[in-house]
Amino acid sequence: MMEPANVTPSLPTVASKRRRRCCSKLKMFLMALSFAYFAKAFQGSYMKSSITQIERRFNIPSSLIGLIDGSFEMGNLLVIAFVSYFGAKLHRPKLIGAGCLLMALGSFVTAIPHFIMGKYEHETSIAHSVNLTTDILPCQSNQAITSDEAANSEISVAECQKEASSSMWIYVFLGNMLRGIGETPVMPLGVSYVDDFAREENTAFYLACIQTVGILGPVFGYMLGSLCAKLYVDIGFVNLSTVTINLKDSRWVGAWWLGFLVAGIVMLLASIPFWFLPRSLPKQGGGKKNNSTQEEKRGSKTKKQEHAVDFSQMTKDFLPSLKSLFCNPVFFCILCVSVIQVNAFIGLITFKPKFIEQTYGQSPSKAVFLIGILHLPAVALGIFTGGFVLKKLKLTVIGAARVTIGASFISFLLSLSYYGLSCENAKVAGLTVSYEGLSNVSYQENTLLSQCNSECACSVKYWDPVCADNGMTFVSPCLAGCKTSTGTGKQMVFHNCSCVAMGAESKNTSVVLGQCARGEDCGTMFTYYLVVSVIGAYISACGATPGTIILLRSINPELKSLALGILTFVIRTLGGIPSPIYFGALIDMTCLKWGSDKCGGRGACRMYDSNAFKAIFLGLIYGLYCLSYLLWFVLYTLLKRRFQENQTDNMSEDEGKANLKETEDTGSHKDCHEIMPKEEDLLERESGI
């Protein structure tokens, strides 16, 4: 009689154990996906923070570094169609794991050039001296350089290019493209996996947790970028006491490769859990009967998908959906606004460290650190605030549009103050001011030569800045007319400089290595700039979540996935790829002094005209945003017309249902006039996107 009693309670125990195992596997997937989000954001932000270091190491212009930066989007676009259409039919966790492995491989490929290029040799006239332990005579050594240049010109270009350092940037290009390919399956397949197997009311919370962890990635990525920028590129292989350049020197190159190795290892670790996760799970919270029914449905669906992929049928379904989507004027306006604003944003985030460096005289490592520690948390807080306001006030589409437009426009007005919160050009003899320091000059190569340095027969090829007590910077000790020197390494001092004596207010005619600081006023301006830019970043981010809701509520729910896919594709194609290229090309136009590579060709820019840089960089961003606001006006008018002008910001649920019923009755126009039935439910479902 005891045996039946023992058998009956065991059944729910087994079922509960199965449910616990399923829940634990789902939680394992959530943790793995959160770490993958962190790792890919960490990796991507480190790439952005290393742009300046890569540009200097490979001696390439900003336009080419913009092409390298855009290679991530190129790789992403190569496989986005495959992932969108076939990813859900395959083993999603393993696809995500394979993507993480590709991203790790991309980081390792990016770091390869450091190990095959040899030690970094920056251009300098001082390095040509015979022995650093003896006093250098700048005039005599540069005369030797002038005579050596003729001899060096006899070396064949082919022999020079054997060093291959000029083409090593291709590894960085390919590595970044591999990262773009690997990143493609992480977001769409990860989100769909969570949505399929999590309880419906838990989905938004899970996605919000994943996004929150992902936001930490850029913070740590920029902090690592700042740390690596402070370490010399050949750390551990050179005697740092012999290095004559400092962090603020435009020839300084940090250990850019080290961060890519760290990012690759982190991404490699992120890929491991996905290989041990199942292809599918029972629906979270479902009973045994429901679970078996869902498994049967899922199994039959999978079998149908596996039996045949009718490409002609897919085409028949796809083209009408695409036509229906683009016949929606609201979606088309959102697409145009997004492309324009993404162009401005990508250009801003790519070259912002360089803007801070050239305008305020800060080192790249400090610029990157401040972006990571101040701007990114402000953006994260702004995104959260926007979602909270949207949920708390139960805003309609019109209300969401007002929040998005208002936040963006207020941020734009704040950014106009950047023109006033800037510093004047650095005083560099022959580049920005005359040798007397009394007037501005329009730079040409012969303006670097003056009567005060005519006896030295200096080369104008090198960038070796030295600073005098009067705040004047000279391009090299020879061009400063210096006769003797004392000390070694960074402590080297040059004396009896005839060009310093021309405009010196004191009797000190010596100069020290490095470019002169901008002064206390510039430091104050930089502080004001940081405060305004952080506030602006926070306000602008407040409109991100309402902007997403505008898109989701303005299209047929059946076309939501396609709309997001098309939006992502177009933004990456027309925003992510071209923006850094043409931003970089326009910035190159403001260069005052180009460096030179070992083959005598033009290298990276050593100094920009900060006034022209500011005008082009900020002017381009302002112009793009002004154009987007014109389209926002058109979009807002369409939204008002679509959702009725008398609609209030707190439209009741009953009114929403009435509008939905009226919309459903329009038949063929359903896709152009769809209204979501329950605003609160939509907010809960989409707040994690």
Going through segment 225-243 in order, the residues found to be buried (at least 20 other Cβ atoms within 10 Å of the Cβ) and out of contact with any Phe, Trp or Tyr (no Cβ under 7 Å at 6 or more places or on another chain) are ALA229
Looking only at segment 489-524, count every residue that is open to solvent by 60 Å² or more (accessible area, probe 1.4 Å) and either closer than 30 Å to ALA367 by Cβ or acidic (Asp, Glu) (or both) and tell me the total. 10
Suppose we keep only residues that are buried (at least 17 other Cβ atoms within 10 Å of the Cβ) and more than 21 Å from the chain's Cα centre (by Cα) within segment 526-549. Which one would you say is nearest to VAL389 (Cα to Cα)? PRO546
Scan segment 523-574 for residues that are assigned to a helix (DSSP H, G or I), closer than 12 Å to ILE334 by Cα and of a type in the set (A, V, I, L, M, F, W, C) and report the count. 10
Where the second residue is not in a helix (DSSP H, G or I) and the first is open to solvent by less than 80 Å² (accessible area, probe 1.4 Å) and lies in segment 408-420, which pairs have Cβ atoms under 6 Å and are six or more apart or on separate chains? SER408/GLY543
Just for helices (runs of 4 or more DSSP H) wholly inside segment 324-409: which have at least 2 residues that are among the hydroxyl-bearing types (Ser, Thr, Tyr)? 329-360
LYS461 versus (1) open to solvent by 30 Å² or more (accessible area, probe 1.4 Å); (2) in a helix (DSSP H, G or I): which is the lone unmet condition? (2)
Residue that is out of contact with any Pro (no Cβ under 8 Å at 6 or more places or on another chain), open to solvent by 40 Å² or more (accessible area, probe 1.4 Å) and of a type in the set (A, V, I, L, M), where the choices are LEU552, LEU567, LEU618, LEU630: LEU630
VAL194 is checked against (1) modelled with pLDDT of 80 or more; (2) part of a helix (DSSP H, G or I) and fails just one. What number does that condition carry? (1)
In segment 464-504, which residues are of a type in the set (D, E, K, R) and either assigned to a loop (DSSP other than H, G, I, E, B) or in contact with a Phe, Trp or Tyr (Cβ under 8 Å, 6 or more places away or on another chain) (or both)? ASP464, ASP469, LYS483
Select from segment 583-600 the residues that are small (Gly, Ala, Ser) and open to solvent by 30 Å² or more (accessible area, probe 1.4 Å) and write down the one among them that is modelled with the highest pLDDT. ALA585
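The values are calculated or read from the model by the stated rules, or taken from the named source; none is laboratory data. Just so it is clear, the structure is predicted and the values come from calculations on it, not from any experiment. Cβ coordinates were reconstructed from backbone atoms using ideal geometry, including for glycine residues, and neighbour counts include every protein chain displayed. In case anyone asks, the SASA skips ligands and DNA or RNA and just uses the protein heavy atoms, side chains included. Shrake-Rupley method; radii C 1.70, N 1.55, O 1.52, S 1.80 Å.
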